[in-house]
Amino acid sequence: LIFMNLYHYASPARFYPLAARLAPWFAVLGVLLGLAGLYLGLLVAPTDAQQGEGYRIIFVHVPASWMSMVIYCAMAFWSAIGLGFGVRLAHWLTAALAPTGAIFAALSLITGALWGKPMWGAWWVWDARLTSELILFFLYLGFIAIRAANDDQRRADRSGAVIALVGVVNVPIIYFSVKWWNTLHQGASVSLSKSPSMAATMLWAMLLMALAFWMYSIAIALWRVRGYILRFEGEAQWLHEASLDSKPKQHAPLDTHFIEDLDESKAAQTPSPALGNETKK
Amino acid sequence: MHWNSLFEFLNMGGYALYVWGSFGATALVLSMECWWVKRANAQAQSELEAAQLSLELQA
């Protein structure tokens, strides 16, 4: 049944209004979780014994770094679906995630530099963890560039998917880099095998911020993919209609279905604090 | 509450530049992304409407 539902929503015309209904909820959740995380992280969590108040960078640095890796894995997943089942929407979801992933990779590097300077005395070191994260950032840029360079939509989808699938080997390298190599970067803050090496409030603040970034990423990717659907699918729709003008309109119900969905979703939209009302002009 | 005064909070134990720089950069970049998506979607929408209009004029 779940597979039938997924198949149902693989149609861009059906996914477009669904994305509009879901995105505001993820955005609101993201804002609430973010406020709770900021409250705990900045106002409640105690001072770190070694790093003083400077450690509070962790509340944006670790969640941003996690998201940069999670989003790349999600892109590899959707690319595999796109290539394996020929679902165009899966390729567009991959593409809609890429800018957000690149942003989180950049934020990981920026906040890492801002943390490294006071603690290590250097903005940047060619350490295994930092270097593999920089490579991840370039993989995102490469993915975006190769899609932009392909005018043919299907070729753009395929070549992007190849980068996403090949590049995903870098993610475990980033994650385990602090174990495999002797690095300046500190070890994992949270691990499944042992209890966390930090105070409970610190841990909660970090997890809340990570969840907030997660919700933000879903919301923004859903909004972005709506724009892609309009651009890629809408154009084909009008071209199709144009070619039908001279013929009897036997496909009319199919064609108007998409347009009806557009109107419906406009009416169903609610403004959200994080994103505003996207389609309002 | 961990802090005794607003100054203490803002000063971040001397790490103000690094801590607020990190949180500020994150807030700035994420809100830029929202604005960017909003603009791109509005553009896609208006291009679609323009295409629709030119089709109506042709018909």
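Readers should treat all values here as calculations from the given coordinates under stated rules, not as data from a laboratory. For clarity, every value in this text was computed on a predicted model and none was experimentally measured. Here the Cβ positions follow ideal geometry from the backbone for every residue, glycine too, while neighbour counts run over all protein chains shown.
A single entry from A:91, A:8, A:61 fulfils the requirement of being touching an Asp or Glu at 6+ places or on another chain (Cβ under 6 Å) and either surrounded by fewer than 17 Cβ atoms within 10 Å (Cβ to Cβ) or in contact (Cβ under 8 Å) with a residue 40 or more places away in the chain (or both): A:91. Residue A:100 fulfils the conditions (1) of a type in the set (S, T, N, Q); (2) more than 11 Å from chain B (Cβ to nearest Cβ); (3) assigned to a helix (DSSP H, G or I) except for a single criterion, (2). Residues of the range A:30-58 that are surrounded by 20 or more Cβ atoms within 10 Å (Cβ to Cβ), at the interface with another protein chain (Cβ under 8 Å from one of its Cβ atoms) and in a helix (DSSP H, G or I): A:53, A:54, A:56, A:57.
With the structure loaded, tell me whether residue A:161 is buried (at least 20 other Cβ atoms within 10 Å of the Cβ) and in contact with a His (Cβ under 9 Å, 6 or more places away or on another chain) or whether it fails that test. So residue A:161 passes the test. Here is the figure for chain B: residues that are exposed (fewer than 14 other Cβ atoms within 10 Å of the Cβ), touching an Asp or Glu at 6+ places or on another chain (Cβ under 8 Å) and hydrophobic (A, V, I, L, M, F, W, C) total 1.
Has the range A:76-90 got at least one residue that is away from every other protein chain (no Cβ under 12 Å), part of a loop (DSSP other than H, G, I, E, B) and not small (Gly, Ala, Ser)? Yes: the range A:76-90 contains one or more residues that are away from every other protein chain (no Cβ under 12 Å), part of a loop (DSSP other than H, G, I, E, B) and not small (Gly, Ala, Ser).
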